[in-house]
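Encoded as structure tokens, the structure appears first; notes follow it.
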Amino acid sequence: MRRWIPLAVVVALGAFLYLGLYLNPKEVPSPLVGHTAPDFTLPVVGRPGETFSPADVRGEVWLLNIWAPWCSICLKEHRVFRDLIGDDVPVYGLTWKDLDREAAPLLARNGSPYVKAVDDVDGRVAIRYGVTVTPETFVIDHQGVIRMKHVGPITPQVWEQKFRPVLRGLRP
């Protein structure tokens, strides 16, 4: 009986590895989905003295997009926000670890796709949201509950296939 234990362990490991081949590494499950979005109050990029908090938009369905000025994919994604999403849903940006203070001039020069972008210079808020890479986007409902997390850039296809159905389900 004991001699079968190593074989059973190898078979079990092989099964896990085989199943892992079919997982999408961009689909990182978030323990926050279905829970209230972590609260924060951060300064608004390029607007001295102004702050933003999720409590400011309670009652609205909105997106929180975590981005960084040094992330080239994020900058391409900004065009999608401006061109595709438009007035469909308000998008707020969380600028992650902008140590070189590039966000304000970049957004001024290229046009901001955000209602407001806030400055998370030390990355603590992003950590509370479980962010591992930029861009990441959260759909937050009118009660402040995270309904979806998407890792990676939003393309027109991703918007139509993933975001639009979720947002449709959140409309009254």
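The values are calculated or read from the model by the stated rules, or taken from the named source; none is laboratory data. Please read these numbers as outputs of a predicted model, since none were measured by experiment. Cβ: placed from backbone, ideal geometry, glycine included. Neighbour counts: every protein chain shown.
Condition first: of a type in the set (S, T, N, Q) and either touching a Pro at 6+ places or on another chain (Cβ under 7 Å) or in contact (Cβ under 8 Å) with a residue 60 or more places away in the chain (or both). Now tell me which residues in the stretch 126-172 satisfy that.
Correct list: Thr132, Thr134, Thr137, Gln143, Thr155.
Taking the stated definitions as given, is Lys116 surrounded by 17 or more Cβ atoms within 10 Å (Cβ to Cβ) and not small (Gly, Ala, Ser)?
The answer is yes for Lys116.
Return the only residue of Val139, Val145 being farther than 19 Å from Ala68 by Cβ and over 12 Å from the mean Cα position of the chain (by Cα).
Details: Val139 fails: over 12 Å from the mean Cα position of the chain (by Cα).
The conditions single out Val145.
Looking at (1) under 19 Å from Gly130 (Cα atoms); (2) of a type outside the set (Asp, Glu); (3) outside any strand (DSSP E or B), can you tell me which one Gly93 breaks?
(3)
Could you say whether any residue in the stretch 45-59 is of a type in the set (A, V, I, L, M) and closer than 18 Å to Arg147 by Cα? Write out each step before concluding.
Initially, the stretch 45-59 is screened for residues of a type in the set (A, V, I, L, M), giving 45, 55, 57.
Cutting the leftovers down to closer than 18 Å to Arg147 by Cα gives us 55, 57.
Yes: the stretch 45-59 contains one or more residues that are of a type in the set (A, V, I, L, M) and closer than 18 Å to Arg147 by Cα.
Among the residues of the stretch 149-166, count how many are in a helix (DSSP H, G or I) and on the phi > 0 side of the Ramachandran plot.
Pass one, the stretch 149-166, residues in a helix (DSSP H, G or I): 156-166.
Among the residues that remain, those that are also on the phi > 0 side of the Ramachandran plot are: none.
Summing the residues that are in a helix (DSSP H, G or I) and on the phi > 0 side of the Ramachandran plot in the stretch 149-166 gives 0.
Run down Lys26, Lys76 and say which single residue is within 21 Å of Arg164 (Cβ to Cβ), surrounded by fewer than 14 Cβ atoms within 10 Å (Cβ to Cβ) and at pLDDT 90 or above.
Lys76
Can you pull out every residue in the stretch 125-139 that is assigned to a strand (DSSP E or B) and of a type in the set (S, T, N, Q)?
Once the filter is applied, which keeps residues that are assigned to a strand (DSSP E or B) and of a type in the set (S, T, N, Q), the stretch 125-139 yields only Thr137.
Restricting to the stretch 122-157, and then to whatever is aliphatic (A, V, I, L, M) and surrounded by fewer than 17 Cβ atoms within 10 Å (Cβ to Cβ), can you tell me which residue is modelled with the lowest pLDDT?
My answer is Val133.
With respect to Gly86, determine if the residue is at positive phi, over 17 Å from the mean Cα position of the chain (by Cα) and at pLDDT 90 or above.
For Gly86, the condition - at positive phi, over 17 Å from the mean Cα position of the chain (by Cα) and at pLDDT 90 or above - is not met.
Does the stretch 53-62 include one or more residues that are under 12 Å from the mean Cα position of the chain (by Cα) and within 20 Å of Val33 (Cβ to Cβ)?
Yes, the stretch 53-62 contains a residue that is under 12 Å from the mean Cα position of the chain (by Cα) and within 20 Å of Val33 (Cβ to Cβ).
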